[in-house]
Every structure is written in structure tokens, then in C-alpha cells.
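I have placed the structure first, in the form of C-alpha cells, so that the comments after it can refer back to it.
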Amino acid sequence: MTSAKHVDIRVKFICDFARKGIVKPEYVESRSMMADLLTKALPAPRMAELREIFNLK
């Protein structure tokens, strides 16, 4: 394990769930990441687009 044991544990946990069919990892392109509104500085048009999706004023 690396010095970031908690990350290794979480990755192994998710891989195990994927193998068992409990979760299905799915690629999501960056443009579709709605969480960007809460985590990144975005250009005004993209910010407005995400605010509309989240129903924020």
C-alpha cells in the first residue's frame, strides 16, 4: 500500500463492488460533470448553465 492507505482501501472497495455487479463504473466526460459548479472556478457561461441545471438563482 502507498502512504495514502485510505485511497487504496477505497479503490479496492469500489473494484470489489464493480466485480460483484453492485456498481457499474461509467465514463462521464468533463463537460457533463455537474459537480464542477461546486469545485472549480468556471467561465460565466458555464456557471450559468450549471446553475440552471441545479435550479439555482
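Before moving on, here are some points about what is shown:
- Cross-link partners of residue 12 among aspartates and glutamates (Cα-Cα below 15 Å; sequence separation of 8 or more within a chain): none
- The lysines within cross-link reach of residue 40, meaning a Cα-to-Cα straight distance under 22 Å and a gap of 8 or more places when in the same chain, are 57.
- For the chain: Kirkwood Rh in Å [reciprocal of mean 1/r, alpha carbons]: 14.1
- Folded to 0 to 90 degrees: helix 5-20 orientation relative to the chain principal axis, Cα: 90
- Computed lengthening from residue 6 to residue 56, 0.36 nm per intervening residue step minus Cα-Cα distance: 14.6 nm
- For residue 42, net neighbour charge (Lys/Arg +1, Asp/Glu -1) across residues whose Cβ lies under 12 Å away: +2
- Folded to 0 to 90 degrees: helix 44-54 orientation relative to the chain principal axis, Cα: 70
- Other residues within the sphere of radius under 15 Å centred on the Cβ of residue 18, judged by their own Cβ, net out at +3 (K and R +1, D and E -1).
Read the figures in this text as sums done on the coordinates, not as results from a lab. This is a predicted model, so every value here is computed, not measured. In this analysis, Cβ positions are derived from the backbone assuming ideal geometry, glycine residues included, and neighbour counts consider all displayed protein chains.
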